[in-house]
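As structure tokens, the structure follows; a few thoughts come after it.
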Amino acid sequence: MKYIYEEKAGPNGPTLLLLHGTGGTESDLLPLAGIIDPNANVLSVRGNVLENGMPRFFRRLEEGVFDEEDLIKRTEELHEFLNEASQRIGFDRKQVTAIGYSNGANIAGSLLFHYKDSLQKAILHHPMVPRKGIDLPDLTGTEVFIAAGDNDPMCPPEEAEELQRLLTAAGANADIHWESNGHQLTMSEIKAAASWYAH
Ligand code: MLT
């Protein structure tokens, strides 16, 4: 996968995994890393799928309707990339915090839904429930921050609440922060994520 890696914390410190939204690139969320934890390593990845030239992390059939088979395949691909990159680059695989927006939040959510120890923490900006009706792995000890919009037309509030419920039922600690700015990634939710991460 195409990515940017910035070493700041060394092999034993935390790493922030940045996952952009539809049409984004691995450069988009770099400023967020500096706000969430300026001393963490940064691994920012570009989605491998193109939709009309726009990078994404998995295919969708239409807006809000995911291609499940591709989602499962791409989730495995990202999980294996993280395993391989941690060995090759030398970062602690056990201290990875995903920061994802929209499509990037959905692939991060999918990592949580499919793999027990893929992420230590996740900051999900405007996520949906990645898959319905599956058993989640034991997520005890996993910390999740969800930033959602009570008027988000793409990721409706019920969907964010359902995601929180499913993650909590699997043993994760999942907090929700509400905004009223539609699907936008706002500075106030980034700051709320930073204070959640700091505590
Ligand atoms: C998705 O496809 O992951 C969601 O609809 C959000 C987005 O458009 O990226």
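I'd like the distance separating the alpha-carbon centroids of the stretch 76-109 and the stretch 115-174, in whole Å. Going from one Cα centre to the other spans 16 Å. Length gained on full extension, W178 to F81, computed as 0.36 nm times the residue gap minus the Cα-Cα distance: 31.7 nm. Rounded to the nearest 0.05, the FRET efficiency derived from the C-beta distance between N12 and E63 at R0 = 41 Å is 0.45. Taking the DSSP beta bridges with both ends in the stretch 1-72, the antiparallel portion is around 65 percent.
Checking every one of the GluC sites (Glu not before Pro) in the stretch 56-165 against DSSP loop status and a limit of 13 other Cβ atoms within 10 Å picks out E63. Its relative contact order, with pairs defined as Cα atoms under 8 Å and 6+ residues apart, puts the stretch 68-151 at 26 percent.
Between the residues F81, I107, V96, the greatest Cα displacement towards the positive end of the dipole of the stretch 66-128, with unit charges on the Cβ of Lys, Arg, Asp and Glu, is found for V96.
Here K116 is the anchor, and the aspartates and glutamates within straight C-alpha reach of less than 12 Å, apart from those fewer than 8 places off in the same chain, are D135, D138. Per the Debye calculation on the stretch 1-115 with a single equal scatterer at every Cα and no solvent contribution, log₁₀ I(q)/I(0) for q = 0.11, 0.12, 0.23 Å⁻¹ amounts to -0.32, -0.38, -1.33. Sorting 130-140, 6-16 by average packing, meaning the other beta carbons within 10 Å per residue, from highest down gives 6-16, 130-140.
When the listed pairs K121/K191; K2/K94; K94/K132; K73/K121; K8/K191; K73/K191 are checked against a 25 Å cut-off, the alpha-carbon distance exceeds it for K94/K132; K73/K191. Considering only the Cα atoms of the chain, their convex hull presents on average a projected area of 9.7 nm².
Normalising the average separation of contacting C-alpha pairs (under 8 angstrom, six or more residues apart) by the number of residues puts the relative contact order of the chain at 18 percent. Dipole magnitude for the stretch 123-199: computed about the Cα centre from +1 point charges on Lys and Arg Cβ and -1 point charges on Asp and Glu Cβ, it is near 140 debye. Residue ranges 174-185, 18-29 sort as 18-29, 174-185 when ordered by packing (mean number of other C-beta atoms within 10 Å per residue, highest first). Once both labels are positioned 7 Å from their Cα atoms along Cα-to-Cβ, the gap between R165 and M1 label points is 3.0 nm.
Laboratory data are not the source of any read-out in this text; all were calculated from the coordinates shown. Just so you know, these numbers come straight off a predicted model, no measurement behind them. So basically every Cβ, Gly included, is an ideal-geometry build from the backbone, and we count neighbours across all protein chains shown.
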